[in-house]
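Worksheet: the structure to be examined is printed underneath.
The values are calculated or read from the model by the stated rules, or taken from the named source; none is laboratory data. This one's a predicted model, so the numbers in the text were calculated from it and none came from an experiment. Neighbour counts are summed over all protein chains in view; Cβ atoms, including those assigned to glycine, are modelled from backbone coordinates with ideal geometry.
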Amino acid sequence: MTSQRARIQHDTAAPAHPALALALVLTAAFMAVLDFSIVNVALPSIEHDLGFSGTSVQWVVTAYAITFGGLLILGGRAADLFGRRRMLVAGLVLFSLASLAGGLAEEPILLVASRALQGIGAAVIAPASLSILTTTYKEGPERNRALGLYGATASTGFVAGLVLGGVLVDVASWRGVFFVNVPIGLVAAALAPRLLARPSGTSLRIRLDPLGALLVTGGITALVYAASEGPTAGWGSAPVLGALGLALVLVSAFVAAELRHPAPLVRLGILRNRQLRFASVVTVLLGFWTGGEILVLSVYLQSVQHFSPLLTGIALAPQGVTGFLAGFTGARVARRIGIGRLLVATTTSALAGFALLTQLPARGGYGLILVGIALVGFGNSGTAFVTTVSASTGVSNHEQGLAGGLVNTSRQIGAAVGAAILLALAETGAGSGAIRLAGPRQAMLAGATVALLALAAAVAGLRRARLAPPAAGVLADPAPDLAAAKAASADAGAAAAA
């Protein structure tokens with residue numbers, strides 16, 4: 001196959017205004033996370049106003065999840081190839097215009113289509129913004145601080161979406177949850193060329209890999225669809241089995257194609273990086289419990305405790321507070337106790353929180369809920385911080401977008417499975433529109449089980465790190481060997497130029 005040729009646009013590592021550039025990237029991350037939770041709060045109102053039939057309103061969530069999860073690797077590699085700043089601006093503009101279309105939608109199909117376009121925009125924003133941070137700041141404490149702020153902002157944005165969504169739905173309309181993105185996204189897109197690093201004049205000619213892009217996007221999209229629909233449609237249903245089979249065929253074909261391509265979309269050798277592999281595994285588990293936990297608790301508080309949407313958001317806000325603290329202090333704590341021990345602590349916190357939430361009360365008892373969600377929030381953000389640091393360690397600058405796309409894809413696959421399974425468990429025995437208490441408790445038990453698996457992985461990784469040389473061990477040190485990272489970068493650059 002004859003491929004087109006393009007030039008890689010490398011971004012410089014020193015923006016003119018570092019503090020403002022960091023604020024801009026954090027704003028982009030905040031907006032993407034805010035939109036996910038703010039729309040979930042509005043689902044009942046959307047279903048009523050637009051006349052969604054049966055459970056079809058879930059496609060407002062599923063359409064976003066499929067395009068977001070399916071395109072993250074492509075979005076990350078596009079950031080590496082065509083410039084992170086350029087792709088971030090494109091993602092922000094698309095996300096903002098799709099939000100405007102969603103707010104104006106008068107038919108269910110138009111709203112679902114706008115959510116799919118939002119997912120495409122977010123799939124560009126997430127890896128581009130993350131790779132801007134990992135290429136701007138050197139490995140070690142400096143990068144860890146930036147990634148800690150990134151995680152803290154994302155944690156705050158998710159819970160802020162619950163509170164703001166409750167306010168907008170109660171006071172105005174569900175359409176406000178879409179319109180709120182428009183000015184934020186367009187202003188950020190307008191400021192990005194002024195604040196972020198300009199592409200350098202040097203470039204490297206490579207051959208594009210459209211077949212690889214098509215295969216990996218189709219394979220992951222099919223996998224996310226199967227994960228989202230399996231618990232509701234049935235894992236043995238024809239659509240789910242067909243999607244799983246298609247995912248297997250496309251991913252296998254993708255691997256074969258990448259091994260033959262002289263300049264593959266995904267250099268499979270990057271998976272030899274133990275840090276990245278470990279981070280991806282733990283991130284799948286993290287995505288599983290975070291993908292459904294807040295959704296289940298939102299339904300529980302409104303259906304069992306009879307909270308309003310606004311009061312539900314306020315009740316869940318402490319999870320964002322502890323998540324912010326975990327991200328904000330993560331770099332400092334990692335420097336003192338080691339990043340491996342920090343991962344053990346954060347996964348233990350998540351496990352303890354879920355253990356408490358398995359005892360969700362029928363009435364009152366907010367004190368138990370408060371402690372539980374606070375512990376889970378600390379575990380969520382702290383674990384995300386550690387895995388993000390690990391995923392970027394030892395990866396050359398020209399593949400940071402790819403690494404970010406891989407770890408974000410891992411989280412989205414986990415979240416799709418987790419949201420579907422936890423919600424299915426929560427709805428067990430539902431009757432007359434109310435969810436019986438056993439359902440949410442079962443969902444929290446499933447979350448605890450997966451958190452326990454993550455803790456076991458963290459302990460195993462820490463033990464391997466103690467037995468291996470510091471540069472080779474998984475999560476061996478908060479500031480990895482920079483010489484090894486530079487050697488890996490040189491090898492990757494030579495491979496890309498071949």
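Only residues that are buried (at least 22 other Cβ atoms within 10 Å of the Cβ) and not in a helix (DSSP H, G or I): list them for the stretch 158-193, please.
The one that is buried (at least 22 other Cβ atoms within 10 Å of the Cβ) and not in a helix (DSSP H, G or I): 174.
When the residues of the stretch 34-57 are filtered to those that are more than 16 Å from residue 166 (Cα to Cα) and of a type in the set (Val, Ile, Thr), which remaining residue is surrounded by the fewest Cβ atoms within 10 Å (Cβ to Cβ)?
Going through the qualifying residues, I end up with 55.
Quick check on the stretch 172-196: of everything there that is in contact (Cβ under 8 Å) with a residue 40 or more places away in the chain and β-branched (Val, Ile, Thr), which residue is nearest to residue 64 (Cα to Cα)?
Applying the filter and picking the extreme gives 177.
Filter the stretch 331-380 for residues that are under 19 Å from residue 439 (Cβ atoms), aliphatic (A, V, I, L, M) and part of a helix (DSSP H, G or I) and give the result.
355, 356, 357, 368, 369, 373, 376
From the residues in the stretch 177-227 that are among the aromatic types (Phe, Trp, Tyr) and over 30 Å from residue 17 (Cβ atoms), which one is modelled with the highest pLDDT?
Selected residue: 178.
Restricting to the stretch 267-302, and then to whatever is closer than 24 Å to residue 170 by Cβ and of a type outside the set (S, T, N, Q), can you tell me which residue is surrounded by the fewest Cβ atoms within 10 Å (Cβ to Cβ)?
Applying the filter and picking the extreme gives 295.
Could you tell me whether any residue of the stretch 354-370 is among the small types (Gly, Ala, Ser) and crowded, with 24+ Cβ neighbours inside 10 Å?
Looking through the stretch 354-370, none of the residues is among the small types (Gly, Ala, Ser) and crowded, with 24+ Cβ neighbours inside 10 Å.
Is it fair to say residue 305 is under 23 Å from residue 442 (Cα atoms), in contact (Cβ under 8 Å) with a residue 12 or more places away in the chain and surrounded by 23 or more Cβ atoms within 10 Å (Cβ to Cβ)?
Taking the combined requirement at face value, the residue does not satisfy it.
Taking the stretch 252-270 as the region of interest, how many residues are closer than 17 Å to residue 76 by Cβ and under 26 Å from the mean Cα position of the chain (by Cα)?
Counting residues in the stretch 252-270 that are closer than 17 Å to residue 76 by Cβ and under 26 Å from the mean Cα position of the chain (by Cα) gives 9.
Somewhere in the stretch 349-369, is a residue touching a helix residue (DSSP H, G or I) at 6+ places or on another chain (Cβ under 7 Å) and at positive phi?
no
Across the stretch 267-304, what is the total count of residues that are polar (S, T, N, Q), at pLDDT 85 or above and under 19 Å from residue 422 (Cα atoms)?
Residues meeting the conditions: 2.
Which fully enclosed helices (runs of 4 or more DSSP H) of the stretch 203-312 have 3 or more residues being outside the structural domain of residue 64 (by TED's automatic domain parsing)?
210-233, 238-260
Looking at 415, 454, can you tell me which residue is buried (at least 24 other Cβ atoms within 10 Å of the Cβ) and either touching a Leu at 6+ places or on another chain (Cβ under 6 Å) or not assigned by TED's automatic domain parsing to the domain that holds residue 160 (or both)?
Answer to the check: 454.
Restricting to the stretch 234-266, what's the tally of residues that are crowded, with 18+ Cβ neighbours inside 10 Å and either within 29 Å of residue 457 (Cα to Cα) or free of Cβ contacts under 8 Å to residues at least 40 places away in the same chain (or both)?
Residues in the stretch 234-266 being crowded, with 18+ Cβ neighbours inside 10 Å and either within 29 Å of residue 457 (Cα to Cα) or free of Cβ contacts under 8 Å to residues at least 40 places away in the same chain (or both): 6 in total.
Restricting to the stretch 323-347, count the residues that are surrounded by fewer than 24 Cβ atoms within 10 Å (Cβ to Cβ) and closer than 19 Å to residue 373 by Cβ.
Residues in the stretch 323-347 being surrounded by fewer than 24 Cβ atoms within 10 Å (Cβ to Cβ) and closer than 19 Å to residue 373 by Cβ: 5 in total.
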